[in-house]
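Right, one structure below, let's go through it.
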Amino acid sequence: MTFPDLTPALRAAMPDLRGKIAANVRMGDLTWFRTGGPAQVLFAPADEEDLAYFLSRLDPALPVLPVGVGSNLLVRDGGIEGIVIRLGRPFHEIRIEAVQITAGAGVLDVKLALAAAEAGIAGLAFYRGIPGSIGGALRMNGGAYGAETKDVLISCRGVDRGGKLRTFTNADMGFAYRCCGIASDVIFTSALFAGRPGDPAAIKAEMAEITEVRQATQPISARTGGSTFKNPQGHKAWQLIDRAGCRGLVIGDAQVSDLHCNFLINRGAASAADIENLGEEVRRRVFATSGIRLEWEIERVGQRPQA
C-alpha cells in the first residue's frame with residue numbers, strides 16, 4: 001500500500017526546512033517487530049528549531065506521530081496516514097555536569113545508563129534494563145528494577161503541535177504508571193536528570209547484573225516489542241498470561257514467548273495483524289480465567305489494510 005506523496009507540497013510550504021523528509025517509508029525497517037505498513041511522510045528534523053519550524057508551518061489537519069527507535073511500537077499493516085516524526089542523530093547528545101545529565105530525546109536508555117556509570121553518577125543504572133530512547137521514557141514514565149523516570153527527572157523540553165518550545169518540570173509531567181500527563185501532541189526533545197555520586201565500578205556491576213537477568217529471563221534477541229501488557233494493580237501480567245495457558249501460543253507467525261510470556265515475538269514473517277490478534281487472544285483468555293482485562297503497554301498505531 002502507498003499513500004499520496006505530500007512531500008512536494010510540504011517542501012513548498014517550508015522553504016527553510018533543513019531536516020530530511022521522505023514519502024511512503026516502510027515502518028517495518030524502523031521498529032523492533034520488523035513488520036507493518038508505511039509512513040505517508042517521515043520527517044527527521046535537523047534540530048529542535050527545525051522541528052519547531054516544521055510544526056509551525058504544518059497544516060493543523062494533518063495528523064502527527066512522533067516515534068523513537070520503535071522498541072515499543074506496533075505499526076498496523078495499512079500504515080500511518082499523515083506525518084511520522086523521528087528524532088535522529090541531532091537528538092543523541094549527552095552532556096554531564098556534576099551529577100546531572102542532559103540527554104537528547106533520541107538517546108538510547110542504555111546509552112544514558114552507560115554515560116552515567118562512566119561519570120560515577122548513581123541512580124540511573126535502571127535505564128540499562130529499558131529498551132528504547134529517552135523520548136519514550138518521558139512519555140511512558142519508563143521504569144525497571146524498582147525505579148522509574150519520575151524518580152530521576154528534573155525537567156524536560158518539547159515542542160507542541162503549533163511549533164512552540166516548552167519546558168516541563170517533573171511536577172508538570174503528571175507521571176503515573178507507564179504514562180505522563182503531558183498532551184500527546186508534544187514532542188519531547190531533551191531531558192535533564194539528576195543522580196547522586198557513586199563508584200563507577202559498583203554502578204557497572206549493577207548494570208551487569210541487570211543485563212544478566214534480562215538475558216536469562218527475556219527474549220531480548222528476538223523481534224519483539226518488549227513488555228506487551230501493563231501489570232494490573234496487585235498482579236503481574238506474565239503470571240496471568242501463564243495461568244491462562246498462553247505461554248507459547250501462536251497465531252500466524254507471531255508467538256507468545258516461551259521464555260517470558262508478556263513478550264510477543266515475530267518469528268520472522270508475522271504481519272502486524274498476526275501480532276495484534278495474538279495479543280487480543282491473550283487478553284480474551286486472561287479475562288476468561290481471571291476476570292482481569294489486560295491493558296496494552298505496546299503502542300499500536302496506524303490503520304488496518306482496506307478490504
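The values are calculated or read from the model by the stated rules, or taken from the named source; none is laboratory data. Remember, predicted model here, so these are calculated numbers, not experimental data. Note that we place each Cβ from the backbone using ideal geometry, even for glycine, and neighbour counts take in every protein chain shown.
Key figures
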quantity	calculated
Qualifying positions in the stretch 95-129 - without any contact (Cβ under 8 Å) to a residue 60 or more places away in the chain, among the hydrophobic types (A, V, I, L, M, F, W, C) and more than 19 Å from L51 (Cβ to Cβ)	I96, A98, L108, V110, A115
Count of residues meeting criterion [under 15 Å from the mean Cα position of the chain (by Cα) and either of a type in the set (G, A, S) or surrounded by fewer than 24 Cβ atoms within 10 Å (Cβ to Cβ) (or both)] in the stretch 113-150	13
When residues of the stretch 241-257 are limited to those that are surrounded by 16 or more Cβ atoms within 10 Å (Cβ to Cβ), small (G, A, S) and assigned to a loop (DSSP other than H, G, I, E, B), the one farthest from the chain's Cα centre (by Cα)	A244
Residue satisfying all of: in the stretch 1-22; closer than 18 Å to G68 by Cα and aliphatic (A, V, I, L, M); surrounded by the fewest Cβ atoms within 10 Å (Cβ to Cβ) among these	A22
Residue within the stretch 197-214 that is touching a Phe, Trp or Tyr at 6+ places or on another chain (Cβ under 8 Å) and of a type in the set (S, T, Y) present	no
Among the residues listed as V110, V99, V152, the single one being at pLDDT 95 or above and more than 26 Å from N231 (Cβ to Cβ)	V99
The listed residue being small (G, A, S), assigned by TED's automatic domain parsing to the domain that holds G132 and in contact (Cβ under 8 Å) with a residue 60 or more places away in the chain, out of G163, G226, G158, G174	G163
Selection from the stretch 67-84 of residues that are surrounded by fewer than 23 Cβ atoms within 10 Å (Cβ to Cβ) and at pLDDT 95 or above	R76, D77, G78, E81, G82, I83
Complete set of residues in the stretch 156-210 that are among the small types (G, A, S) and within 17 Å of G136 (Cα to Cα)	G158, G174, A176, G181, A183, S184, S190, A191
Some residue of the stretch 282-292 being loosely packed, with under 15 Cβ neighbours inside 10 Å, farther than 20 Å from W32 by Cα and in contact (Cβ under 8 Å) with a residue 24 or more places away in the chain	yes
Any hit, the stretch 33-46, residues being surrounded by fewer than 23 Cβ atoms within 10 Å (Cβ to Cβ), under 16 Å from the mean Cα position of the chain (by Cα) and modelled with pLDDT of 95 or more	yes
Odd one out for T189, checked against (1) part of a helix (DSSP H, G or I); (2) of a type in the set (S, T, N, Q); (3) buried (at least 19 other Cβ atoms within 10 Å of the Cβ)	(1)
